[in-house]
């Protein structure tokens, strides 16, 4: 049975295995991983997890250009199956491209309904934060993600060309 958990250093090896499932250099949505993050060493991984934890705390100040964000990992047993992130507010970039929620499921765990399951739980967290509606985006070609979003009540607002390519923009009323 899958569960959503806060990022933890205890799953370093499992997280690296999930990353390797995506393949070298591939972006894993929902994990908050920046190009500057060094996650191979225990110390680097611990620093990354500490940053994710700090970004979740609305009382902690953030660097310019960042918004508070709650990160959760989708785990089952000792495996990391994916990640999902709930941004507490939208800046200009997130309004155009990223939205409130981003998620990714490792390739070997797809087609099991995990994204929809995790999205439902994060929508509950968005309600707890006091959000009335959330924006969720996906690449135009990502039909599986579009169906996941629509399955959780997403209503397509538009398709936009952005600096990261064409994206579908959906709003979910809470």
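Values in this text are rule-based calculations from the coordinates and carry no lab data. Values in this document were obtained by computation on a predicted structure and should not be read as measured data. All Cβ positions, glycine included, derive from the backbone under ideal geometry; neighbour counts span all protein chains shown.
Which one of the conditions (1) touching a strand residue (DSSP E or B) at 6+ places or on another chain (Cβ under 8 Å); (2) within 13 Å of residue 173 (Cα to Cα); (3) not in a helix (DSSP H, G or I) does residue 131 fail to meet, given that it meets all the rest?
Result: residue 131 fails condition (1) only.
When residues of region 50-107 are filtered for being within 15 Å of residue 15 (Cβ to Cβ) and in contact with a strand residue (DSSP E or B) (Cβ under 7 Å, 6 or more places away or on another chain), how many remain?
Number satisfying all stated conditions: 15.
Within 17 Å of the chain's Cα centre (by Cα), in a strand (DSSP E or B) and in contact (Cβ under 8 Å) with a residue 60 or more places away in the chain, is that true of residue 96?
Criteria not met by residue 96.
Answer yes if at least one residue in region 12-32 is assigned to a loop (DSSP other than H, G, I, E, B), surrounded by fewer than 16 Cβ atoms within 10 Å (Cβ to Cβ) and within 13 Å of the chain's Cα centre (by Cα), and no otherwise. Even if it seems obvious, please write down each step before you answer.
Residues of region 12-32 that are assigned to a loop (DSSP other than H, G, I, E, B), as a first pass: 23-32.
Narrowing the set further to residues that are surrounded by fewer than 16 Cβ atoms within 10 Å (Cβ to Cβ) leaves 23-27.
If we keep only those that are within 13 Å of the chain's Cα centre (by Cα) as well, we get 27.
Scanning region 12-32 turns up at least one residue that is assigned to a loop (DSSP other than H, G, I, E, B), surrounded by fewer than 16 Cβ atoms within 10 Å (Cβ to Cβ) and within 13 Å of the chain's Cα centre (by Cα).
What's the number of the condition residue 104 fails, among (1) outside any strand (DSSP E or B); (2) in contact with a helix residue (DSSP H, G or I) (Cβ under 9 Å, 6 or more places away or on another chain); (3) in contact (Cβ under 8 Å) with a residue 40 or more places away in the chain?
Checking residue 104 against (1) outside any strand (DSSP E or B); (2) in contact with a helix residue (DSSP H, G or I) (Cβ under 9 Å, 6 or more places away or on another chain); (3) in contact (Cβ under 8 Å) with a residue 40 or more places away in the chain, the one that fails is (1).
If I ask for residues that are touching a residue at least 12 places away in the same chain (Cβ under 8 Å) and surrounded by fewer than 17 Cβ atoms within 10 Å (Cβ to Cβ), which ones from region 52-87 would you list?
Our first condition is that a residue be touching a residue at least 12 places away in the same chain (Cβ under 8 Å); within region 52-87, this holds for 52-53, 55-56, 58, 65, 67-76, 78-87.
Of everything in region 52-87, those that are touching a residue at least 12 places away in the same chain (Cβ under 8 Å) and surrounded by fewer than 17 Cβ atoms within 10 Å (Cβ to Cβ) turn out to be 53, 58, 65, 67, 76, 78.
In the set 53, 70, which member is farther than 20 Å from residue 107 by Cβ and either part of a loop (DSSP other than H, G, I, E, B) or in contact with a helix residue (DSSP H, G or I) (Cβ under 7 Å, 6 or more places away or on another chain) (or both)?
It is 70.
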